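Student: Before I ask anything, let me first share the structure, which is written out below as structure tokens.
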Amino acid sequence: MSDEHDTAETLDVKGENCPMPVIETKQAVDELESEEVLEVLATDAGSTSDIKGWAGSTTGVELVDQTDDGDVYKHYVRKTA
């Protein structure tokens, strides 16, 4: 569990390209309890806009934060319903 965003689970999709990071994120979020946060680790630069777009258009999901350290993009997604 990450202290930074109090994550319930971490999903590692490094090495995966579009659309797999979004597909696997959706599947992982479906397994969360309401209000739990999923941390997603990706290497696909497109995952930043893809996950943001998916979360913004999906009921019951909130994008909490996105960061990148140059090699790994981290996405924090909360299940709200």
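The values are calculated or read from the model by the stated rules, or taken from the named source; none is laboratory data. Just so it is clear, the model here is predicted, and its values are computed rather than measured. Note: accessible area is taken over every heavy atom of the protein model, side chains too, but ligands, DNA and RNA are not part of it. Shrake-Rupley method; radii C 1.70, N 1.55, O 1.52, S 1.80 Å.
Student: Measure off, as a whole percent, the carbon and sulfur share of the 1.4 Å-probe accessible area of the chain, all protein chains present.
Tutor: Numbers: 2000 of 4540 Å².
C and S fraction of accessible area: 44 percent.
Student: Run the numbers for V72 and E24: contour at 0.36 nm per residue of separation, minus the present Cα-Cα distance, in nm. Before the final figure, lay out each step's value.
Tutor: On the way: separation 48, 0.36 × 48 = 17.28 nm, distance 1.65 nm.
Contour length minus the Cα-Cα distance gives 15.6 nm.
Student: What are the ³J(HN,Hα) couplings of the range 66-77, residue after residue, when phi is run through the Karplus curve with 6.51, -1.76, 1.60 and θ = phi - 60°? Round to Hz, x for glycine and proline.
Tutor: Karplus values, whole Hz, x for Gly and Pro: 9, 9, 8, 9, x, 10, 10, 9, 10, 10, 10, 10.
Student: Another question, then. When Rg is the radius of gyration of the Cα atoms in the range 6-50 and Rh is its Kirkwood radius, what does Rg/Rh come to? If you can, show how the numbers build up before the last one.
Tutor: Values: Rg = 10.3 Å, Rh = 10.7 Å.
That ratio is 0.97, to two decimals.
Student: Something else now. Based on a Kirkwood Rh over C-alpha pairs, give the Stokes-Einstein translational diffusion coefficient of the chain at 20 °C and viscosity 1.002 mPa s in µm²/s.
Tutor: Working: Rh = 12.2 Å.
Once the numbers are plugged in, D ends up at 176 µm²/s.
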